[in-house]
1. With no solvent and one point per C-alpha, what does the Debye sum give as log10 I(q)/I(0) for segment 104-223 at q = 0.09, 0.23 Å⁻¹?
2. Which percent, nearest 5, of DSSP beta bridges in the chain are antiparallel?
3. By how many nm would the segment from residue 202 to residue 118 grow when fully extended, if each residue of separation counts as 0.36 nm and the alpha-carbon distance is taken off?
4. Over what distance in Å are the Cα centres of segment 49-114 and segment 127-163 separated?
5. Take the Cα atoms of the chain, find their three principal axes, and give me the spread along each one in whole Å, biggest first.
6. Which residue, 49, 118, 196, tops the fluctuation ranking in a GNM of the chain built on C-alpha contacts under 10 Å?
7. Can you give the extra length, in nm with one decimal, that the chain gains between residue 152 and residue 95 once fully stretched, where that is 0.36 nm per residue apart less the Cα-Cα distance?
8. Note down the nm distance, to one decimal, between modelled labels 7 Å out along Cα→Cβ at residue 127 and at residue 176.
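Derivation of every value follows stated rules applied to the coordinates shown; laboratory data play no part. As the structure is a prediction and not an experimental result, all values here were calculated from the model. In this analysis, Cβ positions are derived from the backbone assuming ideal geometry, glycine residues included, and neighbour counts consider all displayed protein chains.
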């Protein structure tokens, strides 16, 4: 089973959420792995795979199949290197990474409508593949708008939402936090999704997060 990890925006905490979700799945006895679909901005950055490995103390994880140095959307980052993102390469990499595991977490770049190529957004790709999505949200300023827009577009495309990870970083006051959470709950109901929200603690990079709420009701993962 492949689960796609996306966010309401860039820098919302997808990578830490992916690493901690992998940690949780492994702790449940699942054969699980994680990979980044496309990585940009790698001039002086080891990439998100290093975060997965560091948190889970795992040496062997799939490499990202498409890496670019310029910190921008994949279509722009690729074009600045005189390249075009090869979707067939992405598909082959995901297929290979998912062969020997129960669950493969695939982390996207940025938000849902980030363009992979001129003709294909991340959401287009996920819709074609029919992967369930875990959406990472937060309570930072602007997050309510971005969260509800993301829920609306997922519902409009008929894409399954496995649940929302609510990142408690950055820490905001109780008014903003509670309003963001309540807005998420109302949005999930409004767009016909189950009210599955897991909290990602702000301290120690999300250590101790419980992702059981994402898999309540109809189980996505096999026993």
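1. -0.25, -1.48
2. Values: 1 of 26 bridges.
Approximately 5 percent, going by the DSSP bridge assignments.
3. On the way: separation 84, 0.36 × 84 = 30.24 nm, distance 3.60 nm.
Full-extension gain reported as 26.6 nm.
4. 20 Å
5. Here the Cα extents, ordered largest to smallest, are 47, 36, 33 Å.
6. So, out of 49, 118, 196, the one fluctuating most is 118.
7. Working: separation 57, 0.36 × 57 = 20.52 nm, distance 2.88 nm.
Length gained, residue 152 through residue 95: 17.6 nm.
8. According to this spin-label approximation, the distance is 3.3 nm.
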